[in-house]
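First the structure, in the form of structure tokens, and then the observations on it.
The values are calculated or read from the model by the stated rules, or taken from the named source; none is laboratory data. Here the structure is a predicted model, which is why all the values come from computation and not from measurement. Don't worry about glycine lacking a Cβ; one is built from the backbone with ideal geometry, like all the others, and counts go over all protein chains shown. When the accessible area is computed, the model is the full protein with side chains, heavy atoms only, and any ligands, DNA or RNA have been set aside. Shrake-Rupley method; radii C 1.70, N 1.55, O 1.52, S 1.80 Å.
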Amino acid sequence: MHGVGTSLDGSQRSSGGLLSGILLVERSSTLSHLLRRTLNAARLPPRAELASYLDAHDHLRKSVGANQAYSLAVIGAPPRANREFLALLDYLGRNPTAPSAILLAHENSAEATSWARSCRNGRLLLWSNFARLPALIGELHPLGIAPVASEAPAPARAGQLRILFVDDSHSVRHAYRQLLERSGFAVDTAGSVAEALARAAGAQHDLAIVDYFLPDGTGDELCRRLGAQPAPPLLAVLTGTYRDDIIQRCLAAGAGECLFKTETKDLFLARVRRLARQIELEHSAAAERERLEGILGSIGDGVFGLDATGRIRFVNPTALELLGHDDDVALIGTDVDRHLGGYGATARALREALEAGAPVRDLEAVLTRADGAPLAVTYALLPLNDPRRREGAALIFRDASGQRDIDRLHWELTHDHLTGLLNGRRFNELLATEIARLGEQGGYSALLYIDIDRFNQVIDAGGQGAADRMLAELADALRDQLGQYDQAARLEGDRLAVLLSRVELDQIHAQAEHYRALVRQRRYRAGDHWRAATASLGVAILGPGTPSVEHALEQARMACKTAKQRGRDQTEINSGQRDARVARELEAGWTERIRAALEYDRLVLLAQAIVPIGALPEHERDVVERQGWRIDGGSANTGREYLFEVLTRMVGKGGQLITPSVFVPMAERVGLMPRFDLWVFRHLLEQLTRLPMPDEVPVTFTVNLSGITLDDAPTLQAIEEAIVGSGVPPRRLMIEITETSELVSLRLARRFIGRMRALGCRFALDDFGIGFSSFSHLRDLDVDFVKIDGSFVEAMTTSDMDRKMIVSISQLAHSLGLQVIGEHVESFGSVQALRAAGVDYAQGHWIGEPRLLHKLDLPTLLSRAPARTEPSAMAKIALQTATAAAD
């Protein structure tokens, strides 16, 4: 027998010649499959495969006695050497009848290294060098595998495709063999089913071309039997006539093509070459898969190969080691979520990865080890993207039990423990990085400095625990709004910071207002009532000229201080004296936006109810709502006048509503306020002409007029002409003059007030109590109402000083024959406090949110009939805002 020599004691032992048979021994079905495919691809198919070292030991001894000795054993070493494995190594190293052996191991263990040194015909190969297996076999057995005894197959060059041609006619076989060999193919021929199966057993074929009519069977039968082999060839049927029933039977048996003997030689060769290209592509794909599987078998991370349903189809050695399994039997075919804590989390992530065709990374889970112990891991899912189908994904995981402690320590060093936001030190580092980026790349960013107003009152009202909870909730809200490159931090106490990276200058106002609105959505309990929090917000614009972190923070801090001085709950932007260009761009951008809003009517008018306190019941349980507003205790038949303040919002590019605190300061700076106020009056009068009014209840609409407009005679004249020409009764209008504005021409303002009062309009002094000329305005201007600044109202339920201030203002106003309105009413407790202070009217979010003016149904709202209880006004905030934006 070739490849078998006679030893000195007369026994047979494999020589370095032909291979008479390969025994494959591997406990892991995944790795066994990988080895078998590799050997088949190298045309070195194993004669037998075993998964037990003990069975392999017995099988080798019995094969010698049956004169069926093996020439080579390919053995996969276990992660940890056991008694059966060591016994097999001892047999291979000491027994002269044993075959040569190649040991595949994950690492150079002492046992494997010692065996390789002592065994003359033994080789050690690490899985990381797995691709060298065929070459190493060639070194041990340079003559290759023994041929089938009946007929030696035609030798095939490297890369040459081998074809098995089966036909019962010797002349046909000879003709087609010559044709195919001249075209570069290696060809074996057979004249019957039995001969074809013998040829297939002795050599690996890439393509089988089978005649349908054979002496001992049919072509579909042969196709079925060839297709059942471990590494079947691509199958094609050759027939002399076109019969649909034959073609259908062969295709059902696994044939991929039907060829006809009546075809020209050129057409036949063209079709065979197309099949050859298909085979080459499949070989290339298989080789790439084997290369990747070899890599996966040697990397230090655990790997599961998952099918599209989430079942495990492959497990690499590292995964087995991490999970404490000796083999993959308990894992293969099981649902991956069974090992990852259940609840379908990984299955959902797998679906997302397959649908998107993109990896899903940075996931966390707890795997269950073989001994039941938990193992914290981080993992990623990488979809296997076949262009024709979704095959599944690779789940790559690593032990994170130690990393978690490191990550937790790092988190604690860089984050605020209460809010989970960055701490000041880490924020300053990122701010420095952003300033450096701006210096290199240009562009602008914004630093927001947020200081919660009267935070000590929050602590006094609800305790430190309530204040901490409000801060934590605000932090969550801030975090949800951050963009990809944005950062948020708690600097100290109630002072927070947000870094908005890569911003457009004309969007900074709106973005800052949005963050300030997040604060107002926070509520805290003061006694038996809930109050809204507010914040002053300062913005520093960062650009290529920003010199340092300290400078940026100081600019933002100073802007926040200015916002507080303006009355709190304000936003102030500081572009910095060092960069006049930023200020010019900011001003130019907003000037254009305001002009466009005026020209294209990108402004909307809202109305907010100002309710007589005497119309409200003394117990909150008796308050009912009308169209989302708390306006009385069951009926509007109070005989008192109802007021509605007209508010303006600019509609942004994305449909969001921008509050006046964003654009009015800029409009005042660039001289557009007179034009803005005139637009408001004209559109208000136009809407009032179409708005149904109740007959039995007096209704008045109040509208703000800027101090700058009061110094502009042409605009005042145009406003007066608009009122006179509108047909709207002037008694329905009340003009609010902001108390904090300084009037340049008191004479002009007094003359305008006199003319408007003569028509029937009335006047109110807004924001009373915080300006520098409160009492002089009260003395010099003929007004009918005083609106107490909301900062006093917000604090009066917890501050005795603020309560006394409101009582004093109310008494002074009443002594002058004026009525008093309290703004920023956030709770029924504020209503009761205003009632006790003698205030006449209440306005604020507790009464109701602003509504679109043109959609008011005043006759129903202020009817004498009892009101129907409606959902809370606060529950309708989002709906009203969305409606306003849509209109």
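Answer with yes or no whether Thr346 is open to solvent by less than 60 Å² (accessible area, probe 1.4 Å) and at pLDDT 75 or above.
no
Do we have any residue at all in the stretch 470-478 that's surrounded by fewer than 20 Cβ atoms within 10 Å (Cβ to Cβ) and outside any helix (DSSP H, G or I)?
So in the stretch 470-478, the residues surrounded by fewer than 20 Cβ atoms within 10 Å (Cβ to Cβ) come out as 472-473, 475-477.
From what's left, outside any helix (DSSP H, G or I): none.
No: the stretch 470-478 contains no residue that is surrounded by fewer than 20 Cβ atoms within 10 Å (Cβ to Cβ) and outside any helix (DSSP H, G or I).
Of all the residues that make up the stretch 215-264, how many are surrounded by fewer than 12 Cβ atoms within 10 Å (Cβ to Cβ), in a helix (DSSP H, G or I) and either touching a residue at least 12 places away in the same chain (Cβ under 8 Å) or β-branched (Val, Ile, Thr) (or both)?
Count: 1.
The conditions are (1) modelled with pLDDT under 80; (2) surrounded by fewer than 14 Cβ atoms within 10 Å (Cβ to Cβ); (3) not hydroxyl-bearing (Ser, Thr, Tyr), and Gln178 fails exactly one of them. Which is it?
So Gln178 meets the others, but not (1).
Looking only at the stretch 668-681, which residues are open to solvent by 30 Å² or more (accessible area, probe 1.4 Å) and either farther than 22 Å from Ser726 by Cα or not in a helix (DSSP H, G or I) (or both)?
Of everything in the stretch 668-681, those that are open to solvent by 30 Å² or more (accessible area, probe 1.4 Å) and either farther than 22 Å from Ser726 by Cα or not in a helix (DSSP H, G or I) (or both) turn out to be Glu668, Arg669, Val670, Gly671.
Among what's in the stretch 103-120 and is in contact with a helix residue (DSSP H, G or I) (Cβ under 7 Å, 6 or more places away or on another chain) and crowded, with 20+ Cβ neighbours inside 10 Å, pick the residue that is farthest from Glu321 (Cα to Cα).
Applying the filter and picking the extreme gives Trp115.
Can you tell me which condition Glu355 does not meet? The list is (1) of a type outside the set (Gly, Ala, Ser); (2) open to solvent by 20 Å² or more (accessible area, probe 1.4 Å); (3) modelled with pLDDT of 85 or more, and all the others hold.
All conditions are met except number (3).
Quick one: would you say Val187 is touching a strand residue (DSSP E or B) at 6+ places or on another chain (Cβ under 9 Å), buried (at least 23 other Cβ atoms within 10 Å of the Cβ) and more than 15 Å from Cys250 (Cβ to Cβ)?
yes
Within the stretch 423-437, is even one residue at pLDDT below 85 and assigned to a helix (DSSP H, G or I)?
No.
Considering only strands (runs of 3 or more DSSP E) fully contained in the stretch 26-145, which possess at least 3 residues that are in contact with a Phe, Trp or Tyr (Cβ under 9 Å, 6 or more places away or on another chain)?
Fully inside the stretch 26-145 and qualifying: 100-105.
Quick one: Ala196 ticks every box in (1) in contact with a Cys (Cβ under 7 Å, 6 or more places away or on another chain); (2) of a type in the set (A, V, I, L, M, F, W, C); (3) within 29 Å of Leu44 (Cα to Cα) except a single one, so which number is it?
(1)
Residues of the stretch 682-719 being open to solvent by 30 Å² or more (accessible area, probe 1.4 Å), over 22 Å from Arg851 (Cα atoms) and not in a loop (DSSP other than H, G, I, E, B), which ones?
Once the filter is applied, which keeps residues that are open to solvent by 30 Å² or more (accessible area, probe 1.4 Å), over 22 Å from Arg851 (Cα atoms) and not in a loop (DSSP other than H, G, I, E, B), the stretch 682-719 yields Ile708, Ala713, Pro714, Gln717.
For the subset of the stretch 121-131 comprising residues that are open to solvent by 10 Å² or more (accessible area, probe 1.4 Å) and of a type in the set (Gly, Ala, Ser), which member is modelled with the highest pLDDT?
Ser128
Out of the stretch 670-690, which residues are at pLDDT below 90 and more than 12 Å from Ile594 (Cα to Cα)?
none
When you check Met801 against the structure, is it over 48 Å from the mean Cα position of the chain (by Cα) and more than 20 Å from Val703 (Cα to Cα), yes or no?
When the stated conditions are applied, Met801 passes them.
Taking interchain pairs and intrachain pairs at least six residues apart, which have beta carbon atoms under 9 angstrom, with the first residue in the stretch 83-95 and over 16 Å from Asp55 (Cβ atoms) and the second open to solvent by 70 Å² or more (accessible area, probe 1.4 Å)?
Close Cβ pairs satisfying both conditions: Gly93/Ser118; Gly93/Arg120; Arg94/Ser118; Asn95/Arg61.
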